[in-house]
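**Q** Below: one structure in structure tokens.
Any read-out appearing in this document is the output of simple, stated calculations on the displayed coordinates, not a laboratory observation. Because the structure is a prediction, the values reported are computed rather than measured. Heads up, the Cβs are rebuilt from the backbone with ideal geometry, glycines too, and the neighbour counts pull from every protein chain shown.
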Amino acid sequence: MAFGWIDEQARARRRAGLVRTLRPRAADSPLLDLASNDYLGLARHPETTGAAAEAARVWGGGSTGSRLVTGTTELHGDLERELAEFCGFESALVFSSGYAANLAAVTALAPHGSLIVSDAGNHASLIDGCRLARGTTQVVAHSDPQATRKALDTHRGPAVAVSDTVFSVDGDAAPLPELASVCREFDAGLIVDDAHGLGVLGAGGRGAAHAAGLAGAPDVVVTVTLSKSLGSQGGAVLGPARVIDHLVNAARTFIFDTGLAPAAAGAALAALRLLGREPERAQRARAVAATLYARLTAEGHEAVRPDAAVVSVRAPSRELALRWAADCRSAGLAVGCFRPPSVPDGISRLRLTARADLTDEQVERAVRVIGETRP
Ligand code: PMP
């Protein structure tokens, strides 16, 4: 039977308790949200939603074509200019998702004969970029610049190191200054995925590269998503103009994909402008994360000290992590649950996201529920 092997996989998944299911979220959900990536609380801000509606009215429900044909509106141009300027880079290129932006950056900047040095904790989209690239990938120990140095030292020819700035599972930050200086020793490029740093780290949320003094560097390329702090959808690559021009001409997920929907571009641009006017939102997201961490560890939970807005709390086992997250939900609190095989280190955790718009009372309530439901 066609696809017969799927049933065996499904049975194995059920036996292991690893079935994933979709749970549509109600617009008026009463849950306290510590599960989304809406770090600055901008996804439903009236300026964001108003800009999305206006962009759809002016430009249409879709961008109507690939970026090189009809899919580039003036809105895309404004977003790219303002995003680059905000983060301190010469140029930016917007994609339909952060995933597509990562595939583009890695595949277009790692040609045949090149070496890609990839952190073991990188996001799936960077991993897939490595798999699709013509270069050879070497995976190195997590957040270990000396391991990157060793890998680069074995290679002659073009090379690039690839890392998340803030790792999505534990919320820990990569050692960017050290990584950049190792790359410079070998004339290697550095591609960093700032999905969880933009809007949270750096002055006024200008991102991890900005915070590390790497903004605008000729050998650094940053990818971002518009779907977390900016409360919209889409992604971008930021870097030197010559790199961005190269992506326009060589990146398959740019050339063959339909341009970002105008509503998403409009929402992201409005959120970016709002962040420019209200830089304290970035600081507040970090402060909420720090409070969550302090309160949870004071209550005896084992958590990872947050470098950005993600707080990871260790659970005793896969089964108990699932039950803990479900019990939180029954008690009115939405939290994320990361467990094997999504996490390769075998450690199950609750993943909490701090939001700038959480009140102190909501943070306390979250800590109370997590404590009361602890398995
Ligand atoms: N990189 C990281 C580190 C992420 O966490 C995500 C989103 N889960 C992405 C890239 C992908 O971005 P998008 O959702 O915009 O495709």
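**Q** Take ASP219, ASP33, ASP164, ASP345 and order them by how many other Cβ atoms sit within 10 Å, fewest up front.
**A** Neighbour counts put them in this order, fewest first: ASP345, ASP219, ASP33, ASP164.
**Q** So the label point goes 7 Å from the Cα of SER342 along Cα→C-beta, right? Which residues of the stretch 4-25 then have their backbone N under 19 Å from it?
**A** Only 10, 13-25 fall inside the zone, counting backbone N under 19 Å.
**Q** Another question, if that's okay. Using the beta-carbon distance between GLN362 and GLU302 and R0 = 25 Å, what value does 1/(1 + (r/R0)^6) give for FRET efficiency, to the nearest 0.05?
**A** With R0 = 25 Å, the Cβ-Cβ based efficiency is 0.65.
**Q** Per 5 Å bin, what is the whole-percent P(r) computed from every C-alpha pair distance within the stretch 68-195?
**A** All Cα pairs considered, the percentages come to 2, 11, 20, 21, 20, 14, 8, 4, 1, 0.
**Q** Now for a separate question. Could you order the peptides 172-183, 291-302 from most to least packed, using the average number of other C-beta atoms within 10 Å per residue?
**A** Descending packing order for the listed peptides: 172-183, 291-302.
**Q** Could you give P(r) for the stretch 1-108, binned at 10 Å from zero, as whole percent values over all Cα-Cα pairs?
**A** Distribution as computed: 10, 24, 28, 23, 14, 1 percent.
**Q** If you don't mind, another one. Which peptide among 114-120, 357-363, 367-373 comes first, and what is the full order, when sorted by highest mean count of other Cβ atoms within 10 Å? Walk me through the numbers before you get to the answer.
**A** Working: 114-120: 22.9, 357-363: 14.9, 367-373: 17.6.
Per-residue mean Cβ counts within 10 Å order the peptides as 114-120, 367-373, 357-363.
**Q** Can I ask one more? Most exposed first by the Cβ proxy, i.e. fewest other Cβ within 10 Å, how do ASP193, ASP327 rank?
**A** Lowest count first: ASP327, ASP193.
**Q** Scan around SER97 for amide H atoms under 5 Å from its own, H built in the peptide plane at 1.01 Å from N, and keep only partners 5 or more places away or cross-chain.
**A** GLY235
**Q** For the chain, what does the equivalent ellipsoid look like in terms of its semi-axes, each the square root of 5 times an eigenvalue of the Cα gyration tensor, given largest first in whole Å?
**A** Values: eigenvalues 195, 135, 98 Å².
The three semi-axes for the chain are 31, 26, 22 Å.
**Q** Work out Dmax and Rg for the stretch 264-364 from the C-alpha atoms and quote the Rg first, both in angstrom.
**A** 15.5, 44
**Q** I need LYS150, LYS228 ordered by Cβ neighbour count within 10 Å, fewest first. Don't skip to the answer; put the middle values down first.
**A** Numbers: LYS150 15, LYS228 26.
Ordered by Cβ neighbours within 10 Å, fewest first: LYS150, LYS228.
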